[in-house]
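J.: Before anything else, here's the structure in question.
The values are calculated or read from the model by the stated rules, or taken from the named source; none is laboratory data. Just so it is clear, the model here is predicted, and its values are computed rather than measured. Note that we place each Cβ from the backbone using ideal geometry, even for glycine, and neighbour counts take in every protein chain shown.
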Amino acid sequence: MSKKSKRSRQLQRKPLVSRLIEQNVRHAQYQIQQGDFAGAIRTCEPLLRELPSRSSQRVEVLALLGLAHGMQEMLEYLHDFKEAVTFRLEYV
């Protein structure tokens, strides 16, 4: 059996909800790669309500959510720091 036909059979067996969750996880990964951390947070938070508490997908979503929150806070901090430095340089 070829890999392609084996993969298509596996996809047919997976429930629709599971496939949608996988798509959303990939979308959140893409959003993080693109720097859209707020979008990744909006994508991940509803997934947590759908996933069982002891699933590998939940762990992955929590990791993505933590990364997105951390990066967003870092960007806010850098923006505030840049603003403070600019203000300081203007009044020296």
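J.: Inside the range 53-92, can you point out the residues that are of a type in the set (Lys, Arg), within 22 Å of Leu16 (Cα to Cα) and part of a helix (DSSP H, G or I)? Break it down stepwise before answering.
T.: Taking the range 53-92 first, the residues of a type in the set (Lys, Arg) are 54, 58, 82, 88.
Pick out the ones that are also within 22 Å of Leu16 (Cα to Cα) and you get 54, 58.
Selection gives Arg58 alone.
J.: Among helices (runs of 4 or more DSSP H) lying entirely in the range 1-52, which contain 1 or more residues that are modelled with pLDDT of 85 or more, of a type outside the set (D, E, K, R) and touching a helix residue (DSSP H, G or I) at 6+ places or on another chain (Cβ under 8 Å)?
T.: Working: elements: 3-13, 16-34, 37-50.
Answer list for the range 1-52: 16-34, 37-50.
J.: Related question: What pairs come up if the first residue lies in the range 74-88 and is at negative phi and of a type in the set (A, V, I, L, M), the second is surrounded by 10 or more Cβ atoms within 10 Å (Cβ to Cβ) and in a helix (DSSP H, G or I), and their beta carbons are under 8 Å apart, counting only those six or more places apart or on different chains?
T.: Leu75/Phe37
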